[in-house]
Amino acid sequence: MPRSISILGATGSIGASTLDLVRRNRDAWHVGALTANASAAELARLAREFEADVAVVADERHLPALREALAGSSIEAGGGAQALTEAACRPVDLTVAAIVGCAGLRPTMAAIRQGRTVALANKEALVSAGEVMLAAVRRNGTTLLPMDSEHNAIFQCLAGNALEDVAMITLTASGGPLREWDAQAIARATVAEAVAHPNWDMGAKISVDSATMMNKGLELIEAYHLFPVGLERLRIIVHPQSVIHSMVEYRDGSTLAQLGPSDMRVPIASCLAWPRRMDAPCEPLDLAGIGALTFFQPDEQRFPATRLARGALEEGGCAPAVLNAANEVAVAAFLAGQITFTQICDIVEETLSRSDRSPLPCDLDGVLLVDAAARRTAHAIMEQRQA
Ligand code: NDP
């Protein structure tokens, strides 16, 4: 019997890598829902190729184009927020949550509420909703598989062990394309320079997050929720080769690490086949060719994002959701050429300082209100700076 899969964010980088694995094991999978935001033509092409049951564009303005592209097929077309949530509710064996940003929170929560298996790439959703998402996972008996490469590595290193025995979890960071730049050069970094990641081929938002190191900050918060060992047992280390994807040190002095090529199809394959393994079309690691693995402490002077993320975790309450929302606004503004690279973290820091210190609401709508308020604050800060 084929297993069924839905992919939220099918037209993105994670979506493409997931569908590549599905394509290579076509008989093993039935595709339920595929979703996008606006890429109607690409979504329709994928839906036809994979004979999906339903294709949904979140931005309803693109529904006519999707309908037209699917004309003559039996694939159901949908558009808008409600259709996206309904697509996420389809009773499939595995839902891949790969929408970028907090826009993925509501559909990811809808998938979690089905009580099946959700593979989570959409880190911003967990950063924003934190305990609200994990409570839904527990309440519904959902299996949450970490798809982010670092968290998937930690998940693998923890298998068969108890969290109480963990001495330290180390998230590795490539350091991004600006790792060796001085502060003046970083301040002048262009969009093209910021998205030119040395090791990974990813969507634009996460590429900028990697350049600022906010990606590692978001991952620190993600790890805090997924692997509850406490913030004092989580650390970040820069490892430019991106060969070790993360490590877990145990109290007996053993450190387990997961190594692999810098190809998201490795952690995605781990989620698709879990708890077994499957073939992935990646070159095996050539350790002798790589030669040396190096490690450095993060430099939080030049890259303050990890300090901001740790501060938000320590503050708790709404702070991680505010950090994420402000970062999304600032990264979008940077990509649109409206602010400089270093202003991204400045805007996040100022938004955090202006936000109230309330506890995180305990429901999804409350979290989304916090997200919306933080976005308004971040926009207001940008407008004041430009005035
Ligand atoms: P992309 O930008 O490549 O793709 C994003 C996907 O989300 C697209 O399908 C896009 O549709 C859809 N989307 C965008 N905005 C919305 C919206 N408002 N509502 C509904 N759907 C939307 O992102 P990535 O694939 O790079 O990243 C996806 C997630 O996975 C992110 O959270 C990222 O942090 C995480 N991740 C990514 C990794 C990578 O290697 N790329 C590695 C680890 C984690 P459309 O095409 O129409 O815009």
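In this entry, Ile7 is excluded by the filter for residues that are near the ligand (Cβ under 9 Å from one of its atoms), at pLDDT 95 or above, touching a helix residue (DSSP H, G or I) at 6+ places or on another chain (Cβ under 8 Å) and in a helix (DSSP H, G or I). Restricting attention to segment 374-387 and to residues that are aliphatic (A, V, I, L, M) and surrounded by 16 or more Cβ atoms within 10 Å (Cβ to Cβ), the residue that is nearest to Gly101 (Cα to Cα) turns out to be Ala374.
Thr35 meets all of the listed conditions (1) in a loop (DSSP other than H, G, I, E, B); (2) of a type in the set (S, T, N, Q); (3) open to solvent by less than 10 Å² (accessible area, probe 1.4 Å) but one, namely (1).
You will find that of Ser13, Ser6, Ser17, the residue that is closer than 21 Å to Pro267 by Cβ, of a type in the set (Gly, Ala, Ser) and open to solvent by less than 10 Å² (accessible area, probe 1.4 Å) is Ser6 and no other.
Looking at Asp356, is it part of a helix (DSSP H, G or I) and surrounded by fewer than 19 Cβ atoms within 10 Å (Cβ to Cβ)?
No: the conditions fail for Asp356.
Counting the residues of segment 262-293 that are in contact with a Pro (Cβ under 8 Å, 6 or more places away or on another chain) and loosely packed, with under 10 Cβ neighbours inside 10 Å gives 2. Residue check: Leu259 meets all listed conditions (1) over 25 Å from Asn327 (Cα atoms); (2) crowded, with 19+ Cβ neighbours inside 10 Å; (3) aliphatic (A, V, I, L, M) but one, namely (2). The set of residues from segment 189-212 being away from the ligand (no atom under 14 Å from the Cβ) and either modelled with pLDDT under 95 or crowded, with 18+ Cβ neighbours inside 10 Å (or both) comprises Ala189, Ala194, Ala196. Within segment 107-130, the set of residues being near the ligand (Cβ under 9 Å from one of its atoms) and either open to solvent by less than 10 Å² (accessible area, probe 1.4 Å) or assigned to a helix (DSSP H, G or I) (or both) comprises Pro107, Leu120, Asn122, Lys123, Glu124, Ala125. Within segment 48-77, restricting attention to residues that are within 21 Å of Ile112 (Cβ to Cβ) and open to solvent by 10 Å² or more (accessible area, probe 1.4 Å), the residue that is farthest from the ligand (Cβ to nearest atom) is Asp53. For segment 170-184, what are the residues that are in contact with an Asp or Glu (Cβ under 7 Å, 6 or more places away or on another chain), in a strand (DSSP E or B) and either within 14 Å of Ala194 (Cα to Cα) or hydrophobic (A, V, I, L, M, F, W, C) (or both)? Correct list: Leu171 only.
Just wondering, is there one or more residues in segment 138-148 that are within 16 Å of the ligand (Cβ to nearest atom) and closer than 21 Å to Val56 by Cβ? Within segment 138-148 (the criterion being within 16 Å of the ligand (Cβ to nearest atom) and closer than 21 Å to Val56 by Cβ), the answer is yes, since at least one residue qualifies. The residues of segment 148-169 that are under 18 Å from Glu219 (Cα atoms) and assigned to a helix (DSSP H, G or I), listed by number, are Ser149, Glu150, His151, Asn152, Ala153, Ile154, Phe155, Gln156, Cys157, Leu158.
The values are calculated or read from the model by the stated rules, or taken from the named source; none is laboratory data. All of these numbers come straight from a predicted model, not from anything done at the bench. Note: ideal-geometry Cβ built from the backbone for every residue, glycine included; neighbour counts use all protein chains shown. Surface accessibility is based on the protein's heavy atoms, side chains included, excluding ligands, DNA and RNA. Shrake-Rupley method; radii C 1.70, N 1.55, O 1.52, S 1.80 Å.
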